[in-house]
Amino acid sequence: MISFEALHAAPLALTAHAPVLMVVGPLIAACAAALAPTARTSWMISVTGSIFAAWMALALLGEVARRGAVDYYIGGFAPPLGIAFHIDGLSVFMALLISSAGVMASLYSGHSLSAEVRAEKHTLVQAGFLLCQSGLLGLVSTGDAFNAFVFLEVSSIGTYALIAIGEKRDRRALPAAFNYLIMGTIGATFYVVGVGFLLAATGTLNMADMGARLATLGDSSVVQAGFAFVVVGLGIKAAMFPLHGWLPGAYSYAPSLISIFLAATATKAAIYLMARFVFDVFPDGAAFGQGFIAWVLAPLAATAAIVCSLQAVFEKEIRRMLAFSSVAQVGFILMGLSLATVAGASAGLFYLGAHALLKMTLFMALGGLAISMGARRLDELAGVARDAPWSATAFAIGAASLAGVPLTLGFLAKWRLIEAALQAGQIWIVAVLATASLLTLLYVGRMLEAIFFRAAPAGAPRAREAPVGVLAPLWILAGLNLWFGIDASLPEKLANAGALALLGGTP
Amino acid sequence: MSFILSHFNYIAVAVLMMAGLFIVFSSGNLIKRMIGLAIFQTATGLFYISLGKVSGGTAPIVVEPNSPEARELASRLDPAYLAQHGVDGVVYSNPLPNVLILTAIVVGVATLAVGLAIAVRVREAFGSVEADEIEVLSRVESTQPGPRA
């Protein structure tokens, strides 16, 4: 059994300030990367900044296990007047996910960027990538509702620019980035309006304080309006069905570094914030919260899982397939959370982590293949497994995990979700899961059939195997998919701690 | 009628917000959509600032007790309130929403800058800033194989 209590990852002086260092580290690295003289230097800065953030997240993991939760007051001003970072089991789970995704993506970016982005833009891409990472880490660690908006926008603005930079390979990246910017900004503004309503009702912005005051306030139309605005705003950012229109374009045409990082983190951070509001800030017994979970969240999540899986089945471009599959998987995660039990939330978080890992594997493998192929459509990838067996095999492992083949992480994630749904007596969720999983099998089958079993058309240019700099992080990810599929005690423990922090109760 | 008058600021905010959103969704021109977005964000700013206003309240800068300024400010207040708190019971508006919206304005300006920059690049790549023309050109793209490195 792994014990987080004994984990002392960093010296005491660093651990004491780890919550803020985790966010500021990548931020400073972003400035340094923007000023770096060469692409190579900026890449090294990017890797260093990401590793530093992951190190701080590890230090926090031990600290949270020992103390339950870490509160850090910025500038020493205590809440509710000052801005506080509040790190509990859930924040640490998200921070570890985001920072390790950052490390993997930045390691990979050393080779991929030169094929996808003009050389003089590399320093800026790395800066934007670090900025995005810093914003997401801030978002999951802050305990202040308005501060969360600022971090949300720091990460989003970085993301818009990074998606648009994919224009060298595919000019559709530009309208996709523009659409995302419009939708994302509307989402963030809705969130701000919602926070304004809650500020008017409670007079505070600190989430814990807000929760305590809302509990005594009872039902009022101001609180309900605030709830609606916050949930719709974050629903757009989280690509919650039917607000997901921006996502396929944004994921498909961005440089692969960005697809990899976004697929693992961006929507997940918004889901995190939504879960915080729905379960932590708003009073548990409130009728409108219960009604939202039962009649809006769960049905929409179920629709997403089925409709978007179907869309993925009929899609021709492979990256769009994966993007639609992401929306469907967001549905799976939200279904887990909508059970509103500790087992359900734990299964949802486990699924969130599993999906982040396997989608990263898939996008990275695809990026590795596309470096030499430039392929967009599925039929262009016909038979690449013969020329690039290592990338293709890693892709197959990720795909198996996505489909939920036993002995992979994806299987355990689905299994836990079904278990939690049965425990909560929600048989219909099991039925939806089974249907959506069958559809997943269909589109995963289509991808694997093209890559492995179809012969390359005569005269088609041959693919080359991806360089070692791509294969190394790719196989670490693929290996983790298999390792956690056999021994999942580490992610299980993290997800359980997160669920307990979210819903309360004893382990 | 009195409801409309007492909630005038909120009604104005709602109208502006809907106008902004309508422009964003009805217009196909990327620049016009950015303008709609800016109106939408400005309406939020107005909403926050009117939240912070306390009737009879002054700017939140401490006023010296028993000074002519304090007396002058007190003369604008409700007599019932004055009887309870005296001349020095100056009412201040809430500064917090103003500070918040200052941050939101900065975020909004950054978003606007990035959005307009992307619109310029769209114009260079597609030769148009009309969403439907870009849509047609994009559809052609999806039938063609990707570029090779």
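Only one residue in A:276, A:319 is under 19 Å from residue A:360 (Cα atoms) and among the basic types (Lys, Arg). Which one?
On the way: A:276 fails: under 19 Å from residue A:360 (Cα atoms).
Answer to the selection: A:319.
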**Message:** For the range A:134-153: of the residues being more than 16 Å from the chain's Cα centre (by Cα) and within 11 Å of chain B (Cβ to nearest Cβ), which is nearest to residue A:83 (Cα to Cα)?
**Reply:** A:144
**Item:** helices (runs of 4 or more DSSP H) within the range B:77-149 that include 3 or more residues at pLDDT 90 or above and surrounded by fewer than 16 Cβ atoms within 10 Å (Cβ to Cβ)
**Value:** B:96-126
**Asked** Consider residue A:175 against the criteria (1) closer than 16 Å to residue A:277 by Cβ; (2) touching an Asp or Glu at 6+ places or on another chain (Cβ under 9 Å); (3) in contact (Cβ under 8 Å) with a residue 24 or more places away in the chain; (4) not acidic (Asp, Glu): it satisfies all of them except one. Which criterion is unmet?
**Response** (1)
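Hey, among A:241, A:227, A:197, which residue is on the phi < 0 side of the Ramachandran plot, touching a helix residue (DSSP H, G or I) at 6+ places or on another chain (Cβ under 9 Å), among the aromatic types (Phe, Trp, Tyr) and within 12 Å of chain B (Cβ to nearest Cβ)? Before the answer, list the steps.
Working: A:241 fails: within 12 Å of chain B (Cβ to nearest Cβ); A:227 fails: within 12 Å of chain B (Cβ to nearest Cβ).
It is A:197.
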**Residue match in the range B:29-52 (condition: assigned to a loop (DSSP other than H, G, I, E, B) and surrounded by 14 or more Cβ atoms within 10 Å (Cβ to Cβ))** = no
**Request:** Answer yes or no as to whether residue A:484 is aromatic (Phe, Trp, Tyr) and either under 30 Å from residue A:298 (Cα atoms) or out of contact with any helix residue (DSSP H, G or I) (no Cβ under 9 Å at 6 or more places or on another chain) (or both).
**Result:** yes
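If you scan the range A:186-207, which residues turn out to be in contact with an Asp or Glu (Cβ under 8 Å, 6 or more places away or on another chain), closer than 27 Å to residue A:239 by Cβ and part of a helix (DSSP H, G or I)?
Here is the first cut: in the range A:186-207, the ones in contact with an Asp or Glu (Cβ under 8 Å, 6 or more places away or on another chain) are A:188, A:202, A:205-207.
Still in the running and closer than 27 Å to residue A:239 by Cβ: A:188, A:205, A:207.
Correct list: A:188, A:207.
State all residues of the range A:206-230 that are charged (D, E, K, R) and touching a residue at least 40 places away in the same chain (Cβ under 8 Å); if no residue qualifies, say none. Step through it out loud before you land on a result.
Step one: list which residues in the range A:206-230 are charged (D, E, K, R), which gives A:209, A:213, A:219.
Selection gives A:209, A:219.
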**Fill in**
Pairs returned, first residue in the range A:375-400 that is within 14 Å of chain B (Cβ to nearest Cβ) and assigned to a helix (DSSP H, G or I), second residue that is surrounded by fewer than 24 Cβ atoms within 10 Å (Cβ to Cβ) and basic (Lys, Arg), beta-carbon separation under 9 angstrom, 6 or more apart or interchain, are A:378/A:316; A:378/A:446; A:379/A:316; A:379/A:454; A:381/A:454; A:384/A:462; A:387/A:462; A:387/A:464
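Given the residues A:50, A:91, which is the only one that is under 27 Å from residue B:114 (Cβ atoms), touching a residue at least 12 places away in the same chain (Cβ under 8 Å), in contact with a helix residue (DSSP H, G or I) (Cβ under 6 Å, 6 or more places away or on another chain) and part of a helix (DSSP H, G or I)? Please lay out each step first, then the result.
Numbers: A:91 fails: under 27 Å from residue B:114 (Cβ atoms).
Among A:50, A:91, only A:50 is under 27 Å from residue B:114 (Cβ atoms), touching a residue at least 12 places away in the same chain (Cβ under 8 Å), in contact with a helix residue (DSSP H, G or I) (Cβ under 6 Å, 6 or more places away or on another chain) and part of a helix (DSSP H, G or I).
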**Complete:** Of the residues in the range A:486-495, those that are assigned to a helix (DSSP H, G or I) and over 18 Å from the mean Cα position of the chain (by Cα) number 4
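Residue-wise test of (1) outside any helix (DSSP H, G or I); (2) at the interface with chain B (Cβ under 9 Å from one of its Cβ atoms); (3) surrounded by fewer than 22 Cβ atoms within 10 Å (Cβ to Cβ).
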position: A:115; (1), (2), (3): no, yes, yes
position: A:120; (1), (2), (3): no, no, yes
position: A:132; (1), (2), (3): no, no, no
position: A:166; (1), (2), (3): no, no, no
position: A:170; (1), (2), (3): yes, yes, no
position: A:209; (1), (2), (3): no, no, yes
position: A:215; (1), (2), (3): no, no, yes
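The values are calculated or read from the model by the stated rules, or taken from the named source; none is laboratory data. This one's a predicted model, so the numbers in the text were calculated from it and none came from an experiment. Neighbour counts run over all protein chains shown; Cβ positions are idealised from the backbone, glycine included.
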